[in-house]
Amino acid sequence: FNELRLQIPETPRDFQEIEKEVDGLRIGELSAYIDRNKNAGLDTKAYQVKYHSRFSLSFIPIVMCIIGIPFSVRGRREGGLAKDLGLCLAITFFYWLFYSIGLSLGSNGAVPPVLAAWGPTLIFMALALLLVARQEK
C-alpha cells in the first residue's frame with residue numbers, strides 16, 4: 001500500500017487519563033505496572049522514579065527533624081529566633097529544590113531512578129548528622 005488510512009478510536013484525552021490512573025495506583029499495583037511495561041519493551045524510568053519517590057517522601061519529615069535538632073538545643077541564641085527560622089526555611093527550600101531536580105533528572109533518564117529519589121534524602125541526612133555531631137555539649 002502506498003497509503004493506508006487508519007481509524008484510531010483513542011483521543012489525546014484518553015492518553016492523559018492513563019497518566020492520571022498511574023498516579024492513583026498503590027505500591028504493589030505500580031510495581032506490577034512497571035514490570036508489565038518493562039517486559040513489553042517500554043521505557044519505565046518515570047514510573048520507577050514515582051515508585052521510589054513514594055518511599056523516599058516518607059523520610060523527609062525525619063530528615064527535617066534531625067536537621068532541626070541542633071537549632072533547638074542551643075543554649076545561647078546567636079541572632080535569635082528569626083535567624084534560626086530563616087535558616088531552617090532556606091534548608092527546607094533547598095532540600096525541596098534538590099528533590100524536585102532529582103526526580104526530574106531521574107524521569108528523563110539522566111540519573112538512575114533509585115538515585116534520583118533517594119539522593120537528596122541521603123545528602124541532607126548526612127548534613128543533618130554532621131550538624132548533630134558538631135553540636136556543642
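The values are calculated or read from the model by the stated rules, or taken from the named source; none is laboratory data. Just so we're clear, the structure is a prediction, and the values are computed from it rather than from any experiment. Don't worry about glycine lacking a Cβ; one is built from the backbone with ideal geometry, like all the others, and counts go over all protein chains shown. Side chains are part of the model used for accessible areas, which takes the heavy atoms of the whole protein and leaves out ligands, DNA and RNA. Shrake-Rupley method; radii C 1.70, N 1.55, O 1.52, S 1.80 Å.
Out of curiosity, is Gln7 modelled with pLDDT under 85, assigned to a helix (DSSP H, G or I), of a type in the set (S, T, N, Q) and more than 27 Å from Leu130 (Cβ to Cβ)? In short, no.
Residues that are among the aliphatic types (A, V, I, L, M), open to solvent by less than 60 Å² (accessible area, probe 1.4 Å) and in a helix (DSSP H, G or I) were ranked within the range 78-125; the one that is farthest from Arg54 (Cα to Cα) is Ala90. You will find that of Lys38, Lys83, Lys50, Lys45, the residue that is touching an Asp or Glu at 6+ places or on another chain (Cβ under 8 Å) and not aliphatic (A, V, I, L, M) is Lys50 and no other.
The residues of the range 23-74 that are open to solvent by less than 50 Å² (accessible area, probe 1.4 Å), over 19 Å from the mean Cα position of the chain (by Cα) and under 21 Å from Ala128 (Cα atoms), listed by number, are Gly68, Pro70, Phe71.
The set of residues in the range 126-137 that are open to solvent by less than 70 Å² (accessible area, probe 1.4 Å) and either touching a helix residue (DSSP H, G or I) at 6+ places or on another chain (Cβ under 6 Å) or in contact (Cβ under 8 Å) with a residue 12 or more places away in the chain (or both) comprises Leu127, Ala128, Leu131, Val132, Gln135.
Can you give me the number of residues within the range 93-137 that are polar (S, T, N, Q), closer than 18 Å to Cys65 by Cβ and within 10 Å of the chain's Cα centre (by Cα)?
To start, the set of residues in the range 93-137 that are polar (S, T, N, Q) comprises 100, 104, 107-108, 121, 135.
In the following step, the residues that additionally are closer than 18 Å to Cys65 by Cβ were identified as 121, 135.
From what is left, the residues that are within 10 Å of the chain's Cα centre (by Cα) are 121.
The total comes to 1.
Taken as a whole, the condition of being modelled with pLDDT under 80, part of a helix (DSSP H, G or I) and either touching a Pro at 6+ places or on another chain (Cβ under 9 Å) or of a type outside the set (D, E, K, R) (or both) applies to Ile18. Among the residues of the range 25-41, those identified as modelled with pLDDT of 85 or more and part of a loop (DSSP other than H, G, I, E, B) are Leu25, Arg26, Gly41.
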